[in-house]
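The structure appears right after this line, and notes come after that.
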Amino acid sequence: MAFSNPSQSQPLAALASIAMRIAGSIIILSALLDILIVPIPYQLGERSWWLAFVTQLADRGLVPLVGLALLFAGYWVESAGLGKRCDRPQWQTLRFWIAIFASVMGLVYLIVFPLHLNNVRLNNIDLQERLTQEAQQAETQAQQQLSVEVQRRRAQIGQLLTATDEQLNQAVQSNLITAEEVDLVRGFRENPDTLDPFLQEQAETQLAQTKTQILEQQDQAAATARNESLKSGLRVGLNSLLFAIAYITIGWLGIRLLSQVL
């Protein structure tokens with residue numbers, strides 16, 4: 001049975017340590033660059049900007065965590081495989097500042113957790129108000145359109161009231177109007193006072209149907225908005241909380257263990 005020579009494994013351990021530290025550093029820097037560059041231009045006063053920023057921060061949270069794991073693994077290989085010990089004070093070592101970085105990242109995620117939930121809540125309130133305003137505007141437009149339609153209908157019936165029975169019959173034969181409409185016109189001739197109530201009743205019926213459709217569409221849009229807000233709050237918020245726990249655990253545990261080793 002052949003046993004590996006410790007002197008031969010040391011170069012491999014050194015290479016593995018350097019490779020893991022370089023990879024970890026690149027991963028962390030790349031993730032930080034994405035987090036800082038993608039949100040440009042910064043709009044700190046805009047709630048929509050904060051929602052997008054925190055969402056991206058939560059989506060990229062795992063990448064620096066992997067980088068930290070590689071960095072600490074690289075230092076462990078250096079310590080265990082090469083037997084190197086650092087005689088410098090704790091605060092002068094890169095490992096200490098890596099643990100500080102992990103703690104800072106944990107605090108950032110811990111802060112954005114309630115911030116994002118509050119922004120999602122406020123954004124949902126604004127969206128519900130906007131949907132209500134849009135529904136009110138749609139109702140106002142429907143009323144205006146119906147008013148114009150009533151005027152047009154009144155003018156059309158007024159022309160038919162002046163037509164002779166022969167002209168009405170010709171219009172029916174030409175499919176310009178129906179026989180039921182001719183009966184209505186003859187009824188309006190006999191009782192002119194029934195014309196306005198008839199048109200008003202038709203307008204109110206059509207307006208009620210339009211309002212019902214608008215309210216149904218508003219309710220569907222509001223329910224969709226609430227569901228999207230809930231999913232965003234749960235996904236981004238819980239991910240931020242989990243990353244906060246992970247980073248803080250690595251950071252403070254790293255500081256504590258390094259103080260015992262160094």
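Compared with the direct C-alpha span, the chain from S25 to Q202 gains 56.4 nm at full extension, assuming 0.36 nm per residue. Here's how it looks for T93: its modeled amide H is under 5 Å from none belonging to a residue 5 or more places away or on a different chain. Gain on full extension, evaluated as 0.36 nm per residue between A80 and V66 minus their Cα-Cα distance, stands at 3.0 nm.
Put in order of Cβ neighbour count within 10 Å, fewest first, the listed residues S30, S229 become S30, S229. Placing unit charges on the Cβ atoms only, positive for Lys and Arg and negative for Asp and Glu, gives the chain a dipole magnitude near 2580 debye about its Cα centre.
Normalised by the number of residues in the chain, what is the relative contact order in percent for Cα pairs under 8 Å and 6+ residues apart? That works out to 33 percent. The phi-based Karplus calculation (6.51 cos²θ - 1.76 cosθ + 1.60; θ = phi - 60°) puts the 3J(HN,Hα) values of the range 44-56 at 5, x, 9, 5, 4, 5, 5, 4, 5, 5, 5, 4, 5 Hz, whole numbers, x for Gly and Pro. Take the Cα of E190, step 7 Å toward its Cβ, do the same at L215, and the gap between the two points is 3.8 nm. Put the Cα centre of the range 36-55 next to the Cα centre of the range 185-247 and the gap is 32 Å.
Value of Rg to Rh for the range 49-191, rounded to two decimals, is 1.65; Kirkwood radius and Rg both from alpha-carbon coordinates. Which residue fluctuates most in the GNM of the chain (Cα springs below 10 Å): G158, G67, G233? It is G158. A dipole drawn for the chain from +1 and -1 charges on Cβ atoms has a positive end, and of A246, V120, Q220 the residue lying farthest that way is A246.
Which one, (1) 21.0; (2) 25.4; (3) 20.0, gives Kirkwood radius over Cα pairs in Å as derived from the coordinates shown? Computed from these coordinates, Kirkwood radius over Cα pairs in Å corresponds to label (2). Taking other C-beta atoms within 10 angstrom as a stand-in for reagent exposure, E204, E139 fall in the order E204, E139, fewest first.
The stretch between Q145 and Q10 holds 40.1 nm of extra length on full extension. This uses 0.36 nm per residue minus the Cα-Cα distance.
The charge dipole of the range 9-154, taken about the Cα centre with unit charges on the Cβ atoms of Lys, Arg (+1) and Asp, Glu (-1), comes to about 180 debye, rounded to the nearest 20.
Considering only Q209, Q167, Q145, the Gaussian network model of the chain with Cα springs below 10 Å gives its largest mean-square fluctuation to Q167. The phi-based Karplus calculation (6.51 cos²θ - 1.76 cosθ + 1.60; θ = phi - 60°) puts the 3J(HN,Hα) values of the range 210-220 at 5, 4, 4, 5, 5, 5, 5, 5, 5, 5, 5 Hz, whole numbers, x for Gly and Pro. Charges were assigned to the Cβ only: +1 to each Lys and Arg, -1 to each Asp and Glu. The resulting dipole of the range 159-253 about its Cα centre is roughly 1160 debye. For the chain, build the charge dipole from Cβ charges (+1 Lys, Arg; -1 Asp, Glu) around the Cα centre, then report which of I27, A73, T55 sits farthest towards its positive end. Farthest towards the positive end: A73.
Every read-out reported here was derived from the displayed coordinates using simple, explicitly stated rules and does not represent laboratory data. Just so you know, these numbers come straight off a predicted model, no measurement behind them. Reconstructed Cβ throughout: ideal geometry from the backbone, glycine too, with neighbour counts over all protein chains shown.
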